[in-house]
Structure formats: structure tokens, C-alpha cells
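To start, the structure under review is shown below, and the notes come after it.
The values are calculated or read from the model by the stated rules, or taken from the named source; none is laboratory data. Worth saying up front: this structure is predicted, and the values here are computed from it rather than measured. When we count neighbours, we look across all protein chains shown, and the Cβ atoms used for this are built from the backbone with ideal geometry, even at glycine.
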Amino acid sequence: MTSLFDFSQLSLPSGHFIGGEYIQSSDAIDVLSPSTGAKIGAIPCADARMVDRAVQAAIAARQDSNWGGLRPRERLKALHTWADLIEAEAETLAKLEAVCSSRPLVTVRSGDIPVTAEKIRFFAELADKEGGDLVPVSDQQFGFISDEPYGVVGAITPWNFPISMAGWKLGPALAAGNAVVLKPSEMTPYSTLYMAELSVRAGLPAGLINVVLGDGPTTGAAITGHAQIDKVSFTGSTRAGAAIMENIARTGIKPMTLELGGKSPVIVFEDADLDLAANCIDRGIMSNAGQICVAGSRIIVAREVADDLAEKLTDQFARHQPAGTGAEVAGFSPLISEIQLGRVDSIVQAAVAKGAKLRCGGARFERSGSYYQPTLICDVDAMNPAVTEEIFGPVVTFQTFDTEDEAMELARHPTYGLSSGLFTRDLSRALRLTRRIEAGTVWVNRYGRSLDHILPTGGWKASGLGKDLGREAYRANRRSKAVLIDL
Ligand code: NAD
């Protein structure tokens with residue numbers, strides 16, 4: 001398969017992006033291509049002083065531009081202009097993402113980028129429609145709830161959907177009147193840097209978006225522990241989320257939104273449309289090779305249709321052929337790194353050692369790059385590591401049930417509660433069970449997010465705190481103040 005472009009000819013943004021310009025610093029972390037294993041470039045690692053420089057730039061930009069105090073429609077218009085430029089620059093942005101991530105160029109260009117631009121527009125549109133409330137008090141008084149931006153939001157994003165995740169954080173924070181200091185994953189920094197550069201070219205105040213590069217323990221911790229970061233918004237693993245909570249507790253309390261890991265169940269009843277279920281399960285776990293927080297990774301199926309479903313899934317899984325992220329046609333994604341591939345494989349092998357059976361997959365593809373075969377694991381009990389642990393790879397487990405209660409018991413994860421899927425033609429059952437499922441999202445007869453950005457996303461239990469998307473994400477970027485006036 002030929003590549004659409006020569007990665008070595010790509011001009012990579014270099015340095016932190018602070019106050020509207022690139023700040024050079026010595027390189028500390030290599031950036032690799034998961035498609036080939038080749039080194040693409042290297043980035044610096046911002047220490048506490050560099051993070052402080054970004055925070056001061058954010059504070060100055062807000063003050064100088066009066067961003068939070070503008071007529072809301074002015075913010076709205078400025079964000080629309082930025083969204084337009086993001087769409088116009090889709091080709092460059094997509095290349096900068098595909099060069100080091102697991103996302104295929106063609107998918108990013110036609111999917112992630114226009115959808116991100118739309119999300120920014122969605123949040124921009126809330127700027128002059130959300131906020132504040134009059135409250136009933138005595139006629140001798142006047143009471144209202146004022147609604148104000150925080151100031152500077154510290155955002156930290158993962159590697160699995162770099163542009164989309166940056167959009168989830170930047171859209172609501174900026175629309176709500178804040179400035180942002182954002183740290184993308186050290187593995188996928190380039191598209192986020194370019195998005196920030198585009199914001200300045202679109203006319204947003206320089207310093208409103210600052211991007212600092214680096215790892216979690218150094219740069220991430222300097223952001224979450226900075227006294228003038230007023231709110232933290234994080235997407236990543238539950239392990240890092242816990243470290244962030246700890247750091248915030250130690251360095252000074254501040255509000256946080258945490259979008260964390262999951263181990264989402266997909267329950268298939270005997271009356272389900274099995275072809276539909278197999279299609280949705282395949283997309284729900286094999287898109288981005290399972291590197292999706294909401295991946296439907298635990299299939300819980302009625303015993304009488306289990307064999308049929310397993311056969312359909314095995315057929316579907318066999319169709320996925322790996323392709324470089326720069327290929328002309330989107331293929332099966334690589335895992336982000338060899339380390340991640342080793343982690344996925346070690347859980348699969350541990351599952352087999354504990355008695356599970358491999359229906360398909362269970363090994364890497366024989367080619368260069370970090371590609372792992374679509375894997376279906378049967379005969380697992382509830383304590384098997386493939387059932388309990390977030391694998392973040394193209395791996396599903398298969399468990400069977402006889403009764404609705406048994407299905408609910410299997411679906412319940414002791415710690416995670418991010419998403420879930422239900423397949424049944426019985427609408428009463430579907431509605432009844434949506435109430436019983438412990439998760440922030442339930443999809444019925446579909447699996448995966450739609451383009452309805454009004455629906456919030458976020459986990460229950462150890463899957464998170466607060467929401468991204470929807471009105472809730474906008475509101476999470478503002479804080480309320482109660483005002484009572486004696487007349
Ligand atoms: P990760 O937690 O390793 O890293 C995420 C980001 O946090 C990176 O930028 C990293 O540098 C930073 N980080 C790591 N440790 C930190 C610390 N102690 N302090 C501050 N920052 C720190 O996660 P990942 O491997 O990049 O992404 C995969 C994980 O993200 C999965 O668990 C997945 O479920 C989760 N995720 C969740 C959602 C959601 O909406 N719930 C969306 C996407 C990904």
C-alpha cells in the first residue's frame with residue numbers, strides 16, 4: 001500500500017507554544033512512529049519554570065484582551081473563525097497527527113478534524129446562551145447567581161485522539177472565557193501545537209492557548225500543582241487521574257474534571273439483531289485498534305445466541321488488515337508503542353494461562369510497526385485479568401448468561417463505569433436496564449458516540465469525575481457566585 005506522503009518531508013512544529021510563539025528548549029523526549037517504529041523527532045520537557053511562563057502568558061492574554069469580559073458573541077465569532085481555519089488546514093493537521101499517532105491520515109482528515117471544528121462551534125454557540133440565574137427572594141431583596149470564568153484552565157490530554165481531545169478541552173474552556181495551558185501527550189504533540197498556532201492566525205489573542213510539551217511526572221505535575229491554574233481538566237488513565245488528585249490535594253485544592261479509563265460491557269440479548277450487534281461490536285472495539293476509552297471490550301451474550309455471535313465476530317475481525325497511518329486507504333491502526341503492545345500481549349497471555357481460550361488473534365501481526373491482531377477471548381470467568389483490566393487494545397472477552405439478572409451482574413465492573421451497550425428488540429427491557437447499568441453512557445442498538453455534541457460524556461466510579469461535551473462541559477469551565485442585595 002503506497003503512502004500518501006513522505007513523512008520525512010513534513011515540517012514539524014518545534015518547541016513549546018507560549019504567548020503566540022514557539023519557544024525552543026533542549027530536546028528530551030523522542031517521538032516515534034507506531035506504524036514503523038522510526039524516530040520522527042524529539043521534544044523538550046517543560047519544567048516548573050517553563051510551565052509558569054505559560055501560565056503568566058495566559059494570565060496576561062486574558063487581561064490584555066479582556067477575553068472573559070467580552071460581549072459573549074465576540075468570543076463566539078472569534079472561535080468560529082478559528083474553527084474555519086482548522087477545517088481549511090485539515091491536510092496539514094492530519095499529517096501532523098498521522099505522523100506519530102495511531103490515527104490514519106484519511107480518517108483524521110475527513111473525520112476527527114471536521115468533527116473537532118464542529119465541537120468548537122458547538123461550544124462557541126453556548127457562549128451567549130448559558131449562564132446566570134435570577135432566584136426567588138423577598139421583595140426587599142434582589143438575588144441572583146452570577147456565572148464567571150475561572151481564569152486559567154490547565155488541560156492535559158492523551159495520545160489516542162490528539163486533535164479531538166484538544167478540541168474537547170479548548171472549546172468549552174475558551175468559549176466560557178478562560179485561557180488555557182495545555183499539555184498534549186508526549187507521544188503525539190504536533191497536531192495540538194499546530195492547532196494553537198492556527199488560533200493566533202485566526203485572530204484569537206496570543207497567549208490564550210499555550211501548549212507546553214513534556215511528560216506527566218514533570219510537566220503534567222507542574223500544571224496541576226501550579227497555584228495560578230484555577231481549574232484542571234484531564235483525560236487519560238485512571239492511574240494518572242489518581243496521581244493528579246493526590247498532587248492537587250498536596251499543592252492546593254482546585255476543581256478538576258477527570259475523564260479516565262473504562263472496561264465497558266456490551267450486552268447482547270437473545271432477541272437482538274445479531275448482524276447489527278456484530279457490526280457495532282466490531283466498530284466499538286476495533287476502531288483505533290481498541291485504543292478508545294469507551295471501547296466495548298466485554299461482550300456479555302445470551303447463551304442461546306453466543307455461538308452465532310462468536311462466529312460473526314470472528315469473520316468480522318479477520319477482515320482487518322494493518323496499514324501505515326499515512327496510507328491512501330484507512331487500515332487497521334497500530335498500537336501507539338511497543339510498550340503498549342507488550343502490555344496488551346501480556347494480559348492476553350495471562351488470560352490464557354488462567355484457562356481462557358483464544359477464538360482468534362492473540363499475537364502481533366508479522367510486519368514492522370506495533371500492530372496486534374484482533375483478538376476474541378472465550379471461556380473467561382469474572383476474575384480473569386482480560387475481564388477486569390482495561391487492555392486498550394483490539395481485544396474482547398466473551399461471557400454468556402441465562403437470565404437478565406445474571407447479565408446485569410456480569411456487566412457491573414467493580415471499579416469502572418464509563419460506557420455500555422445493550423442489544424435487544426424489546427424496548428421495555430432496554431429502558432428498564434438503562435436504569436440499572438452503572439455507567440455514564442448507555443447505547444441501545446448502537447455502539448459509539450454520535451455527532452450530537454449536546455450529549456455529555458464521562459464516567460461513573462473510577463472512570464471519572466465531571467463531564468466533557470454537552471452543556472455540562474461548558475458549565476464546568478465557569479464558577480457560580482451567589483449575590484444577594486438588600487434593597
Ligand atoms: P496516561 O494517563 O498515561 O496519559 C495521559 C496524559 O496524562 C498524558 O499527557 C501524560 O503525559 C499525562 N500524565 C501522565 N501522568 C501524569 C501525572 N502524574 N500528572 C499529570 N499528567 C500526567 O494515558 P494515555 O495512555 O495517554 O491514554 C490512555 C488512557 O486515557 C486510557 O486509560 C483511556 O481510557 C483514557 N482516556 C479516557 C477518555 C475519557 O473520555 N474517559 C478519553 C480518552 C482516553
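Side notes on the structure shown:
- Subset of the stretch 36-66 that is modelled with pLDDT of 95 or more and assigned to a loop (DSSP other than H, G, I, E, B) - its residue that is surrounded by the most Cβ atoms within 10 Å (Cβ to Cβ): Ala46
- Restricting Glu130, Glu125 to residues that are in a helix (DSSP H, G or I) and in contact with a helix residue (DSSP H, G or I) (Cβ under 9 Å, 6 or more places away or on another chain) narrows the list to Glu125.
- Close Cβ contacts (under 6 Å, 6 or more residues apart or on different chains) running from residues in the stretch 164-189 that are more than 24 Å from Asp128 (Cβ to Cβ) and more than 9 Å from the ligand (Cβ to nearest atom) to residues that are not in a helix (DSSP H, G or I) and not hydrophobic (A, V, I, L, M, F, W, C) comprise Val181/Gly154; Val181/Asn210.
- The stretch 356-466 holds strands (runs of 3 or more DSSP E) entirely within its bounds, and those carrying 1 or more residues that are farther than 30 Å from Gln321 by Cβ and under 26 Å from the mean Cα position of the chain (by Cα) map to 421-423.
- Reported count of residues in the stretch 399-420, each being within 16 Å of the ligand (Cβ to nearest atom) and small (Gly, Ala, Ser), is 3.
- Residues (crowded, with 24+ Cβ neighbours inside 10 Å and away from the ligand (no atom under 16 Å from the Cβ)) located in the stretch 281-294: Ile281
- When residues of the stretch 433-482 are limited to those that are small (Gly, Ala, Ser) and farther than 15 Å from Glu259 by Cβ, the one nearest to the ligand (Cβ to nearest atom): Gly448
- For the stretch 349-366, the criterion of a residue being assigned by TED's automatic domain parsing to the domain that holds Val294 and touching a residue at least 60 places away in the same chain (Cβ under 8 Å) is satisfied by no position.
- Residue within the stretch 306-322 that is outside any helix (DSSP H, G or I) and among the small types (Gly, Ala, Ser) present: no
- Flag for Leu427 being touching a residue at least 12 places away in the same chain (Cβ under 8 Å) and not hydroxyl-bearing (Ser, Thr, Tyr): no
- The stretch 137-158 residues that are farther than 30 Å from Leu213 by Cα and surrounded by 15 or more Cβ atoms within 10 Å (Cβ to Cβ), paired with ones that are at pLDDT below 95 and of a type outside the set (Asp, Glu) (beta carbon under 9 Å, 6 or more apart): Phe144/Gly132; Asp147/Gly131; Asp147/Gly132
- Given (1) among the polar types (S, T, N, Q); (2) part of a helix (DSSP H, G or I); (3) within 16 Å of the ligand (Cβ to nearest atom); (4) over 21 Å from Ala46 (Cα atoms), index of the condition Ser297 fails: (2)
- Some residue of the stretch 68-77 being over 21 Å from Asn288 (Cα atoms), part of a loop (DSSP other than H, G, I, E, B) and out of contact with any Lys or Arg (no Cβ under 9 Å at 6 or more places or on another chain): yes
- Taking the listed residues Ala222, Ala289, the one that is on the phi > 0 side of the Ramachandran plot and not in a loop (DSSP other than H, G, I, E, B) is Ala289, with no other qualifying.
- Residue list for the stretch 301-330, filter: over 25 Å from the mean Cα position of the chain (by Cα) and of a type in the set (Gly, Ala, Ser): Ala302, Ala306, Ala310, Ala318
- Residues that are more than 24 Å from the chain's Cα centre (by Cα) and outside any loop (DSSP other than H, G, I, E, B) within the stretch 17-35 comprise Glu21, Tyr22, Ile23, Asp27, Ala28, listed in sequence order.
- Candidates are the residues of the stretch 204-224 that are surrounded by fewer than 24 Cβ atoms within 10 Å (Cβ to Cβ) and of a type in the set (Gly, Ala, Ser); the one that is nearest to the ligand (Cβ to nearest atom) is Gly216.
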